[in-house]
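Here the structure is laid out as structure tokens; the discussion comes afterwards.
The values are calculated or read from the model by the stated rules, or taken from the named source; none is laboratory data. Keep in mind the model is a prediction, meaning the values are calculated, not measured. Note that each Cβ is placed from the backbone with ideal geometry, even for glycine, and that neighbours are counted across all protein chains shown.
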Amino acid sequence: MLIRTVLGFVFLSIITASMPAIAQEEPVDGGEVHSKIDGQLVPVGEKNKYEYSYKKHLVSTNPLSYFFGSFGVSYSYAFHKYAAARLDAGFIHIWDTELYGAEFCAAVPIFFKKMNDGFYIEPGVYVSAMSYESDSAVAGGPQMLLGWSWIWDSGFNINLGLGMSYTWRSGDNDWGVNGIDGPWPRGRLAFGYAW
């Protein structure tokens, strides 16, 4: 009796464990459950990792910086499968202060794997103008970022970069901007959409 019960339990366990495998062999209609390239299944949302084509246009921003009074937008155009031209424009107004400014940046992100996906280096230049009460200053210089970018099939993109710039500043003021002449850290966090 005990042997029959154990064998019955083992038999039911094998049948139950094999049911999902049997169910997966049946074709699934519609494109809602799986993704295919030339009949081969690929993970849903990662079809772009297996294609040679890439999205040429990318618009992005950092909505987290809005909370600190920095508003900017970036546009990137991929002129090559590994390189793009990126332009940034931003407006700065630190809340509850008289600090206002604008910044512009031109850069060339160079990807090693695929456009807007994976590791990249980004040489560029930037210029910013700031005013505080009656003082003003203009600063700018070259920059270099190292970063990582993620892109999904929908076109949603996240970009994270860190690097350094060399800043030259002009203008007469007494509010501490003199300290930024020379090397200065730079960073980029952006959420965007590519098409």
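Of the residues that make up the range 33-44, is at least one closer than 19 Å to residue 161 by Cβ and part of a loop (DSSP other than H, G, I, E, B)? Break it down into steps so the answer makes sense when it comes.
Initially, the range 33-44 is screened for residues closer than 19 Å to residue 161 by Cβ, giving none.
For the range 33-44, residues closer than 19 Å to residue 161 by Cβ and part of a loop (DSSP other than H, G, I, E, B): absent.
Counting only residues that are crowded, with 18+ Cβ neighbours inside 10 Å and either hydrophobic (A, V, I, L, M, F, W, C) or within 17 Å of residue 83 (Cβ to Cβ) (or both), the range 127-153 holds 8 of them.
For (1) without any contact (Cβ under 8 Å) to a residue 40 or more places away in the chain; (2) surrounded by 15 or more Cβ atoms within 10 Å (Cβ to Cβ), each residue gets a yes or a no:
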residue: 91; (1), (2): yes, no
residue: 97; (1), (2): yes, no
residue: 123; (1), (2): yes, no
residue: 155; (1), (2): no, yes
residue: 167; (1), (2): yes, yes
residue: 186; (1), (2): no, yes
residue: 190; (1), (2): no, yes
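Among the residues examined, residue 149 does not qualify as of a type in the set (Ser, Thr, Tyr) and either outside any strand (DSSP E or B) or modelled with pLDDT under 95 (or both).
Residues in the range 123-145 that are of a type in the set (Asp, Glu) and not in a strand (DSSP E or B): 133 alone.
To keep it simple, each residue is scored yes or no on (1) under 18 Å from the mean Cα position of the chain (by Cα); (2) assigned to a strand (DSSP E or B); (3) modelled with pLDDT of 95 or more.
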{"position": "104", "(1), (2), (3)": "no, yes, yes"}
{"position": "121", "(1), (2), (3)": "yes, yes, yes"}
{"position": "157", "(1), (2), (3)": "yes, yes, yes"}
{"position": "185", "(1), (2), (3)": "no, yes, no"}
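Every condition in (1) of a type outside the set (Asp, Glu); (2) at pLDDT 95 or above; (3) assigned to a loop (DSSP other than H, G, I, E, B) holds for residue 86 except the one numbered (3).
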